[in-house]
1. Of all residues in segment 122-137, which are over 14 Å from residue 180 (Cα atoms) and either in a helix (DSSP H, G or I) or among the β-branched types (Val, Ile, Thr) (or both)?
2. Picking from 258, 331, 321, which residue would you name as being under 18 Å from residue 351 (Cβ atoms) and among the polar types (S, T, N, Q)?
3. Cβ contacts < 6 Å: first residue in contact (Cβ under 8 Å) with a residue 12 or more places away in the chain, restricted to segment 222-239; second residue surrounded by fewer than 20 Cβ atoms within 10 Å (Cβ to Cβ) and not in a loop (DSSP other than H, G, I, E, B), any location; separation 6+ or different chain. Result?
4. Yes or no: residue 61 on the phi < 0 side of the Ramachandran plot, among the aliphatic types (A, V, I, L, M) and modelled with pLDDT of 90 or more?
5. Tell me, yes or no, whether segment 309-321 has at least one residue that is of a type in the set (A, V, I, L, M), in contact (Cβ under 8 Å) with a residue 24 or more places away in the chain and touching a Phe, Trp or Tyr at 6+ places or on another chain (Cβ under 8 Å).
6. If you scan segment 187-207, which residues turn out to be buried (at least 20 other Cβ atoms within 10 Å of the Cβ) and either touching a Gly at 6+ places or on another chain (Cβ under 9 Å) or in a helix (DSSP H, G or I) (or both)?
7. For residue 220, are the conditions met, namely being at pLDDT 90 or above and within 27 Å of residue 331 (Cβ to Cβ)?
Amino acid sequence: MEKQKFGRNQSYARAVNNELVIEKLRKQDYSATDLAKHLGLSNATLSSILKGLLNKGIIKVSYTISKAGKGRNQIYYTLDEGYGIIIVVSLSDNRYNITLSNIKEEVLYHEVKEIDRYDVAVIYELVLRLKDILAMDELKNIPIRYITIAVPGRVNSLTNELQLSKQFDHDLFYGQKSIINIFENHFSCPIMMENDINLSIIGEMKSGCLTNVENAMLVYIDNGMGGAFVFNNHFYGGSFGYAGEIGLMKSYFKGQSSYLDEFASLRSIKEYAYKTNHKKYHVQDLVDEYQQKGDLYNYINETARLVGSKLRDLIEVLNVSKIVISGRVTSFGEDYLNNVKEETNLSQNECEIEFSSLGNNSILIGAMSKAVDNSIPQMEQKVAKA
């Protein structure tokens, strides 16, 4: 019995060490000597780990430095971009994005298409387009390791199902015509559906405004509204991945009671502008008229103060130190942001508020990072053998 337990513990330790080596190589190239020193591993242990990762095609030799008169040459290692393709499909705000990268998170292909609404026909069109891209000469011989589908709305982290999103036909939520099932019927690799804002905050933590911020929130305001949290330097999604849905907060605005999304999203602002001026508005039309500082300017700033009042409540309860606002609402500029701050500054707790510097790129960065995490056989093996 003890012998069996020892074997499991040994496998666990090896998986942990594999993960540590891979995490280092995701940031930069290292020699075996430097890896051993940084990770506190013996040369023999590290040599075994590197050999195993080389055999699996996860890493490769990057370059060699000749050390004349000082013994062996120093060999540097890097992640092997030929290990496989990571695919990120982002479905939001009336456009879809297709991005292909390698495990070094280097973009191999990217395209965007505008659409009116997501239905079954659009998803099949997207799948066929993706197959055409993968058939390109430079991509057709590389295995697909992982597909991440980023969507707005509530995604159940346990069932991988889309629960709610006004941008999608209801047929795409459940059953054989659901987005996840359509993709699974055409691709044999692992496929994961994720809320786009949850991925966005991972991107902000990696290379945006939330790098090294311990407790924070990302607020996304576009045609829809959403949010995500960081607590103790870790993404927090809640029991089912629904944490941060700020658009579902009950609100009172201009004599009406409803959800915050119904008052402060760009979709609701466009509806107000249409009712008031009897013409259809695109987001850029709203921005142009906002800059004229007329009635629409005043109305949008009122929605900003409503958002600020709800964020103030969250600051009081959760005591986050920073909130980053993203989405096309940032196009309204500093006046909008200052109106949000007027309300949040009334909180007893200090909290820094700013616009995202990454924009929608944070979704792509977060999606690629998480897909690479899931595509390399490290954590899952570690947990299974513990």
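1. Initial filter on segment 122-137 (over 14 Å from residue 180 (Cα atoms)): 125, 128-137.
Within segment 122-137, 125, 128, 129, 130, 131, 132, 133, 134 meet the criteria.
2. On the way: 258 fails: under 18 Å from residue 351 (Cβ atoms); 331 fails: under 18 Å from residue 351 (Cβ atoms).
Step by step, each of 258, 331, 321 is checked, and only 321 is under 18 Å from residue 351 (Cβ atoms) and among the polar types (S, T, N, Q).
3. 222/328; 223/267; 229/236
4. Details: on the phi < 0 side of the Ramachandran plot: yes; among the aliphatic types (A, V, I, L, M): yes; modelled with pLDDT of 90 or more: yes.
Here the answer is yes, as residue 61 does meet what is asked.
5. Going through segment 309-321, the residues of a type in the set (A, V, I, L, M) turn out to be 311, 314-315, 317-318, 320.
Subsequent filtering for residues that are in contact (Cβ under 8 Å) with a residue 24 or more places away in the chain retains 311, 314-315, 318, 320.
Okay, now just the ones that are also touching a Phe, Trp or Tyr at 6+ places or on another chain (Cβ under 8 Å), so 318, 320.
Yes, segment 309-321 contains at least one residue that is of a type in the set (A, V, I, L, M), in contact (Cβ under 8 Å) with a residue 24 or more places away in the chain and touching a Phe, Trp or Tyr at 6+ places or on another chain (Cβ under 8 Å).
6. Step one: filter segment 187-207 for residues buried (at least 20 other Cβ atoms within 10 Å of the Cβ), giving 191, 193-205.
If the condition is that a residue be buried (at least 20 other Cβ atoms within 10 Å of the Cβ) and either touching a Gly at 6+ places or on another chain (Cβ under 9 Å) or in a helix (DSSP H, G or I) (or both), then 194, 195, 196, 197, 198, 199, 200, 201, 202, 203, 204, 205 are the ones that fit.
7. Numbers: at pLDDT 90 or above: yes; within 27 Å of residue 331 (Cβ to Cβ): yes.
Taking the combined requirement at face value, the residue satisfies it.
Matching residues to (1) surrounded by fewer than 19 Cβ atoms within 10 Å (Cβ to Cβ); (2) outside the structural domain of residue 335 (by TED's automatic domain parsing); (3) at pLDDT below 95; (4) farther than 19 Å from residue 344 by Cβ:
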{"site": "238", "(1), (2), (3), (4)": "yes, no, yes, yes"}
{"site": "243", "(1), (2), (3), (4)": "yes, no, yes, yes"}
{"site": "253", "(1), (2), (3), (4)": "yes, no, no, no"}
{"site": "264", "(1), (2), (3), (4)": "no, no, no, no"}
{"site": "269", "(1), (2), (3), (4)": "no, no, no, yes"}
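The values are calculated or read from the model by the stated rules, or taken from the named source; none is laboratory data. Everything numeric here is computed off the predicted structure, so don't read it as measured data. Ideal geometry is used to build each Cβ from the backbone, glycine not excepted, and the neighbour counts take in all protein chains shown.
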